[in-house]
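We did not get these values from a lab; they are worked out from the coordinates using the rules stated. None of these values were measured; they are calculated from a predicted model. As a convention, Cβ positions derive from the backbone with ideal geometry for all residues, glycine included, and neighbour counts pool all protein chains shown.
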Amino acid sequence: MTKTLVLALALLTLTACGNEEPKPLVCMTKPIQPLQILDKPIDFGPERIAMTKEYIKSHYGKSVDTIEITPKIILLHWTAEMSLDKSFKRLQPERLLSDRKDIMKASALNVSSQFLVARDGTIYRLMPENWMARHVIGLNYSSIGIENVGGKDNKKDDLTFAQVQANIALVQYLKGKYPSIEYLVGHHEYRQMEQTSLWLEKDKGYRTVKNDPGDAFMNKVYSKTKNLGLKRVPKGR
């Protein structure tokens with residue numbers, strides 16, 4: 001009786017996991033959950049599109065019919081705001097806020113990013129993934145930006161474990177969707193990309209110093225996405 005019961009249980013296990021090939025079997029006890037991305041659109045109407053085209057022309061020397069890009073870089077940031085609402089409101093308007101005098105001379109086009117990650121790890125998509133956002137000097141035309149709520153006073157590395165996990169998942173999603181992506185870069189590393197063919201900025205005087213999101217955050221994300229084959233910034237600058 002005992003042998004019969006054991007045999008029956010074994011047959012049931014094989015049936016549950018599949019028996020089409022004589023190879024190691026793994027039963028999935030939980031379904032694989034798709035990445036959840038919530039759409040939270042910023043204002044991106046005809047005026048912002050026109051300003052983006054003008055930015056591409058004046059800073060990159062390209063006359064374009066659309067603002068679609070071929071992504072080559074995933075670029076990570078922090079917002080320097082501790083509030084999701086305040087972070088969103090800084091990115092939402094089509095024109096720069098009055099306190100951004102540091103970059104106003106380059107263009108009145110407001111800063112933007114394709115994604116915004118809340119401190120609890122919730123991922124928001126702010127605009128079409130393959131439209132150009134203004135989030136990094138010299139590299140906007142080839143990069144997808146991920147902003148993370150935090151970085152108090154634009155100095156403190158206070159991004160959360162949930163944000164680390166969300167960025168890892170988002171990098172995996174983007175690389176899977178856009179095989180053209182080659183690099184994973186932190187905003188504080190952007191000037192090292194001047195050594196690459198992806199750098200397009202024509203104004204040699206247009207540079208800013210950035211701290212976000214810091215080496216610790218970048219190393220955590222990169223260590224869990226090494227299997228994707230993404231390159232870090234070139235060394236030597």
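Close amide-amide hydrogen proximity is noted between Tyr183 and Ile73, Ile74, Lys231, each under 5 Å apart and 5 or more residues distant or on a separate chain (H modeled in the peptide plane; Pro and chain starts excluded). Put simply, when 194-201, 167-174 are sorted by average Cβ atoms within 10 angstrom per residue, most first, you get 167-174, 194-201.
If you restrict to DSSP beta bridges whose two residues both lie in the chain, what percentage is antiparallel, to the nearest 5? The partial results should precede the final answer.
Numbers: 6 of 23 bridges.
Within the chain, antiparallel bridges account for around 25 percent of the total.
Between region 209-237 and region 106-128, what's the alpha-carbon centroid distance in Å? A separation of 19 Å, based on Cα centres. Helix 46-60 versus the longest principal axis of the chain: what is the Cα-based angle in degrees, 0 to 90, to the nearest 10? Approximately 80 degrees, to the nearest ten.
With equal scatterers on the alpha carbons only and no solvent term, can you work out the Debye log10 of I(q)/I(0) for region 36-228 at 0.12, 0.13, 0.15 1/Å? The Cα Debye sum returns log10 ratios of -0.53, -0.63, -0.86. Taking a straight Cα-Cα cut-off under 20 Å and skipping sequence neighbours fewer than 8 places away in the same chain, the aspartates and glutamates within cross-link reach of Lys177 are Asp39, Glu68, Glu129, Glu147. Per-residue 3J(HN,Hα) values for region 169-176, derived from phi via the Karplus relation 6.51 cos²θ - 1.76 cosθ + 1.60 with θ = phi - 60°, read 5, 5, 4, 4, 4, 5, 5, x Hz in sequence order (x marks Gly and Pro). Listed by chain and number, the aspartates and glutamates whose C-alpha is less than 12 Å from the C-alpha of Lys235, apart from same-chain residues fewer than 8 away, are Glu189, Glu194. In this structure, the amide hydrogen of Asn148, modeled 1.01 Å from its nitrogen in the peptide plane, lies closer than 5 angstrom to those of His77, Trp78, Thr79, Val117, counting only residues at least 5 positions away or on a different chain.
Backbone geometry of region 210-221 corresponds, through the Karplus equation with coefficients 6.51, -1.76 and 1.60 at θ = phi - 60°, to 3J(HN,Hα) couplings of 10, 10, 8, x, x, 5, 4, 5, 4, 5, 5, 5 Hz, x marking Gly and Pro.
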